[in-house]
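Structure first, commentary second.
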Amino acid sequence: MLTIHGGRDAAPRDIWGAMLRGARCRCPSCGQGRLFTRFIKVAPACKSCGTEFHHHRADDLPPYLTMAIVGHVVVWLILIAVIDHDLPMWLHIVAWPTLTLVLSLVLLQPIKGAVVGLQWALRMHGFGGTVDEEAVLRPAAERERAR
């Protein structure tokens, strides 16, 4: 089991367990509460244990990972279909975009949940109970630029 300590007083957090709970769209802390309020909108906090999620910073990593996985799977399947089978062109035109869309929609939410779970386990971006310096400094820097 891979765990990480956030400091001397912090209890260890299981990284793989948190990512698995997040991929199941559950709270990475307790595994009971829902992680999402909509398709990929993360809930502000867990209704079961109260863990706050509003400060997560998954940003572009989930779509990037989804594109990488789907791209590799679909291109591999296209190559197999072209090399081993003589499929009509209309089938290629219908099958590959449809498969790409379905795989993307199926994988995006679990991947985002796993990324939020990873951030929670690593105590990133406020999940460790400390203030994220970048989040505090960013509004101050924006106010300076606005002057």
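Would you kindly derive the ³J(HN,Hα) couplings of the stretch 21-33 from the backbone phi angles with the Karplus curve 6.51 cos²θ - 1.76 cosθ + 1.60 (θ = phi - 60°), listing them in order in whole Hz, with x for Gly and Pro?
So the J values, rounded to whole Hz, are 4, x, 5, 7, 6, 10, 4, x, 7, 9, x, 9, x.
For the stretch 27-94, rounded, prolate or oblate, judged on the Cα gyration tensor with a ≥ b ≥ c (square roots of eigenvalues), a/c < 1.5 rounded, else prolate if a/b > b/c?
It is prolate, given that a/c is not under 1.5 and a/b is the larger ratio.
Can you sort ASP60, ASP14 by how many other beta carbons sit within 10 Å, fewest first?
In increasing order of surrounding Cβ atoms, one gets ASP60, ASP14.
From Cα pairs below 8 angstrom and at least 6 apart in sequence, can you work out the relative contact order of the stretch 32-123, rounded to a whole percent?
It comes to 32 percent, rounded to a whole number.
Pulled fully out, how much extra length does the chain show between ALA45 and LEU99, if you take 0.36 nm times their separation in residues and subtract their Cα-Cα distance? Write out the running numbers ahead of the final one.
On the way: separation 54, 0.36 × 54 = 19.44 nm, distance 3.37 nm.
That pair, ALA45 and LEU99, stretches by 16.1 nm at full extension.
Ranked by Cβ crowding within 10 angstrom, fewest neighbours first, how are ASP86, ASP59 ordered? Please list the in-between numbers first.
On the way: ASP86 6, ASP59 9.
The fewest-first ordering by Cβ neighbours comes to ASP86, ASP59.
For each of ILE80, ILE15, ILE69, count neighbouring Cβ atoms within 10 Å of the residue's Cβ, then give the residues from fewest to most.
Working: ILE80 10, ILE15 18, ILE69 14.
Lowest to highest Cβ neighbour count: ILE80, ILE69, ILE15.
Read-outs: derived from the displayed coordinates by stated rules, not from any lab. Being a predicted model, the structure only gives us computed values, none of them experimental. Using ideal geometry, Cβ is built from the backbone for each residue, glycine included, and neighbour counts are taken over all protein chains shown.
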